[in-house]
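Asker: This structure is in structure tokens; I'll ask about it shortly.
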Amino acid sequence: MNTPHYIGGHWVAGEGTDILSVFDPSRAHPFTELRAASVGQVDQAVNAARQALPAWKASATGERAGYLRGFAESISRRREALIDVQMRNNGKPRHEAEIDIDDAIATFGYYAHLAEGLADQQNRPVALAAPGFSAHTRLEAIGVVGLIVPWNFPLVTSAWKIAPALAAGCTVVLKPSEVTPLIEQTYGHIADELDLPAGVLNIVGGKATVGGALSTHAGLDKLSFTGSNTVGSQVMHSAADHCRPVTLELGGKSAIIVFDDCDVDQAIEWIIAGICWNAGQMCSATSRLLVQNGIAGALLPRLAEAMKKMRVGNPLTEEVEMGPLSSDAQWRKVGEYFAIAQEENLNCLAGGTTLDRQGWFVAPTLYVDVPTDSRLWVEEIFGPVLCARRFDSEAEAIALANDSRFGLVATVASADLQRAERIAEALEVGHVWINSIQAVFVETSWGGTKGSGIGRELGPWGLASYQSVKHVTRCLG
Ligand code: NAD
């Protein structure tokens, strides 16, 4: 704990001024603390990544794949410890923490596989219509990349960035969230264990000062950011100052559309998973429920009952379906939305309150017939707060769903698969689930349209975002 930052292959003490208190949100109590990195240490980390770049970029893709498989195996070996820290520091129920581990393992395994295939894709000839020339394509590492991540799925979000970046031949500096500064240290310990060349992976923890020092650093070739729109916009400004690429994974206010022909119980399961998983602290939370008039009368009261019955509690001591919110700031923010809902006289069928007990708990909440100009309908809350509206026609559902400044994901629930596909086509988002919980597979892309961000992670698109395309054209004459 005294040396929490990983720079150039060494664990070092923080030299920053901020002390990061690490909380157990179920008790609203810190269980450890650490000193943040300094701006100078961010500089050292970027320099270490710069020094390591030429050799890593030139390394055999099979060698890089070997390291990535090593990461997957080492995460697997640390499974219990990683589940524990996520329950303790994020407040995740055990089954959710387990899924995060599986996701991180799958991500490293998948990019190991893609790295192995990279050699075959190198120097591919390009068919030219013009005679007398030949050309071929090279896919090269973009260089040194800064990775800034939030706290809601820390192990997973970091894996989605580290694995493709290393596969592509980039070296990285990771800045974990100040709310969850422990779990990603695991990646440094694994790098040590695997003898990953020094400087290929660097980890510097801290608050906005550290994030700002990284995102404005002149020594980066790219920045990949996941977090809020406010900070994302600042990160994009710094990228513009340096004329360098940026990937932004930002907020959402996604819709789940439920048609008359659905099985009510099944629909309720998808709706609750879309808003109560991770206590609603998901960029992809389907926080706007659009329910067709013919089923609304049967569905909404049963949904409210199911939300009221949810077991909310401390995942370390109880069998729970939903844990606390991960931070005091988030708990206060959700509480403010409950107050706004009261001011707006919203019709609350379940919850609408923080829970009167130790820890940052709130009740799973359902507001119905929410006006489209309500702040709760429009703004990202990042908690288990669902706003519902009824609709009649397919066209009305599409218009309501698309009427948002965000465009991350959506869910469509209907027995009519042709209709569901039609709706999926019409939605202005990056990912649509049909009759499903939010299952995320490494082979499919992740990212949004409109205010939800720029670029895609996962799948081959995730790898491509860390590659630079070069063409070599030769005159044959
Ligand atoms: P945040 O923007 O406050 O923080 C994200 C990261 O940025 C943290 O590491 C933070 O320390 C750092 N940071 C803060 N100020 C900075 C600055 N000035 N310069 C550089 N870095 C800075 O977001 P959060 O509260 O940690 O996360 C919640 C947000 O993240 C929500 O809006 C959520 O929708 C979004 N999110 C999006 C996705 C996605 O894939 N689209 C996934 C998860 C979370």
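The values are calculated or read from the model by the stated rules, or taken from the named source; none is laboratory data. Everything numeric here is computed off the predicted structure, so don't read it as measured data. Every residue, glycine as well, gets a Cβ built from its backbone with ideal geometry; the counts of neighbours run over all protein chains shown. Side chains are part of the model used for accessible areas, which takes the heavy atoms of the whole protein and leaves out ligands, DNA and RNA. Shrake-Rupley method; radii C 1.70, N 1.55, O 1.52, S 1.80 Å.
Asker: Output the residues belonging to region 73-117 that are open to solvent by less than 10 Å² (accessible area, probe 1.4 Å) and among the hydrophobic types (A, V, I, L, M, F, W, C). Break it down into steps so the answer makes sense when it comes.
Answerer: First, the residues of region 73-117 that are open to solvent by less than 10 Å² (accessible area, probe 1.4 Å): 74-75, 82-83, 86, 89-93, 96-97, 100-101, 104, 107-108, 111-112, 115.
Across region 73-117, the qualifying residues are I75, L82, I83, A97, I101, A104, F108, A112, A115.
Asker: Right, next: What number of residues in region 446-469 are open to solvent by less than 30 Å² (accessible area, probe 1.4 Å), under 25 Å from V378 (Cα atoms) and of a type in the set (S, T, Y)?
Answerer: Going through region 446-469 one residue at a time, the tally reaches 1.
Asker: Could you grab me the full set of residues in region 1-16 that are free of Cβ contacts under 8 Å to residues at least 40 places away in the same chain and either within 15 Å of E184 (Cβ to Cβ) or of a type in the set (V, I, T) (or both)? Full working, then the answer.
Answerer: Within region 1-16, the subset free of Cβ contacts under 8 Å to residues at least 40 places away in the same chain is 1-3, 12-13, 15.
Scanning region 1-16 gives M1, T3, V12.
Asker: If the Cβ limit is 9 Å and pairs must be 6+ apart or interchain, which residue in region 333-347 that is acidic (D, E) pairs with which residue that is assigned to a loop (DSSP other than H, G, I, E, B)?
Answerer: Close Cβ pairs (under 9 Å, with a partner that is assigned to a loop (DSSP other than H, G, I, E, B)) amount to E344/V370; E344/P371; E344/S374.
Asker: Determine which member of the set A395, A410 is under 22 Å from A255 (Cβ atoms) and in contact with a strand residue (DSSP E or B) (Cβ under 7 Å, 6 or more places away or on another chain).
Answerer: A410
Asker: Also, quick follow-up: Could you please find all residues in region 195-210 being within 16 Å of the ligand (Cβ to nearest atom) and assigned to a strand (DSSP E or B)?
Answerer: N202, I203
Asker: Sort through A439, A410, A420 and tell me the only one that's closer than 20 Å to I268 by Cα, in a loop (DSSP other than H, G, I, E, B) and more than 12 Å from the ligand (Cβ to nearest atom).
Answerer: A439
Asker: I've got another one for you. Which is touching a Cys at 6+ places or on another chain (Cβ under 8 Å) and under 25 Å from L400 (Cβ atoms), of S287, S254?
Answerer: The unique qualifying residue is S287.
Yes/no per residue for (1) out of contact with any helix residue (DSSP H, G or I) (no Cβ under 7 Å at 6 or more places or on another chain); (2) at pLDDT below 95; (3) surrounded by fewer than 23 Cβ atoms within 10 Å (Cβ to Cβ):
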{"residue": "S326", "(1), (2), (3)": "yes, no, no"}
{"residue": "Q342", "(1), (2), (3)": "yes, no, yes"}
{"residue": "L355", "(1), (2), (3)": "yes, no, yes"}
{"residue": "V368", "(1), (2), (3)": "no, no, yes"}
{"residue": "P371", "(1), (2), (3)": "no, no, yes"}
{"residue": "S374", "(1), (2), (3)": "yes, no, yes"}
{"residue": "W377", "(1), (2), (3)": "yes, no, yes"}
{"residue": "V385", "(1), (2), (3)": "no, no, no"}
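Asker: Looking at L194, L174, can you tell me which residue is in the same structural domain as V469 (by TED's automatic domain parsing) and open to solvent by less than 30 Å² (accessible area, probe 1.4 Å)? Full working, then the answer.
Answerer: Numbers: L194 fails: open to solvent by less than 30 Å² (accessible area, probe 1.4 Å).
Testing whether each residue is in the same structural domain as V469 (by TED's automatic domain parsing) and open to solvent by less than 30 Å² (accessible area, probe 1.4 Å) leaves just L174.
Asker: So V469 ticks every box in (1) more than 30 Å from V145 (Cα to Cα); (2) assigned to a strand (DSSP E or B) but one. Which box is left unticked?
Answerer: For V469, the failing item is (1).
Asker: Related question: Criterion first (assigned to a helix (DSSP H, G or I), more than 30 Å from Q330 (Cβ to Cβ), in the same structural domain as G206 (by TED's automatic domain parsing) and in contact (Cβ under 8 Å) with a residue 40 or more places away in the chain) does A45 satisfy it?
Answerer: Here the answer is no, as A45 does not meet what is asked.
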